[in-house]
Amino acid sequence: MRKSENMIDAQPLKSILDLMVLKFLNDQPMYGYQINKKLHKDHAASTIYEVLQRLERKRLVTSEYDMTTPRLRRVYRLRTEGQELLHFTEALLRNGELISASATTQKK
C-alpha cells in the first residue's frame with residue numbers, strides 16, 4: 001500500500017475547518033487568536049490565518065483593523081455570502097442530503 005493511499009484527503013478537512021470558522025464568526029466578529037482558542041486544538045496559528053485568508057479571497061469573510069486597542073489586531077466578520085453558505089450547508093446536513101450525496105460519490 002502506498003503512503004498516499006493511507007492519508008486522509010485534506011480537502012474535506014479544510015472544508016470542515018472553513019465551516020467551523022464561519023460558524024464562529026456567525027456568532028460574533030473575532031480576532032484570529034480568538035478563533036484558534038475557540039477551536040481548542042493545537043493548530044498552528046498560521047493554519048487559522050491561512051483559513052481566514054482563503055475565506056477572504058472567496059469573499060465569505062471580511063476583516064478590518066481594530067484601532068481601539070493598544071495592539072493593532074485584525075477583526076474578522078462574516079459577510080452575507082458566508083452566512084448564506086453556512087446556512088445552506090447546515091440545512092443540507094440537517095436533511096442528510098450532504099452525507100448521502102457524499103456516500104453515493106464514494107461508492108462509484
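Couple of notes before you dig in:
- Rough spin-label spacing in nm, given labels placed 7 Å along Cα→Cβ, for residue 77 and residue 56: 1.5 nm
- Inter-label distance for residue 31 and residue 87, nm, one decimal - labels placed 7 Å from Cα along Cα-to-Cβ: 3.1 nm
- Sorting 67, 30 by the number of Cβ atoms found within 10 Å of their own Cβ, with the fewest placed first, yields 67, 30.
Since every read-out is calculated from the coordinates, none of them should be taken as a lab result. The shown structure was predicted, so the numbers you read here are calculated from the model rather than taken from an experiment. Quick reminder, even Gly has a Cβ in these numbers, built from the backbone with ideal geometry, and neighbours come from all protein chains shown.
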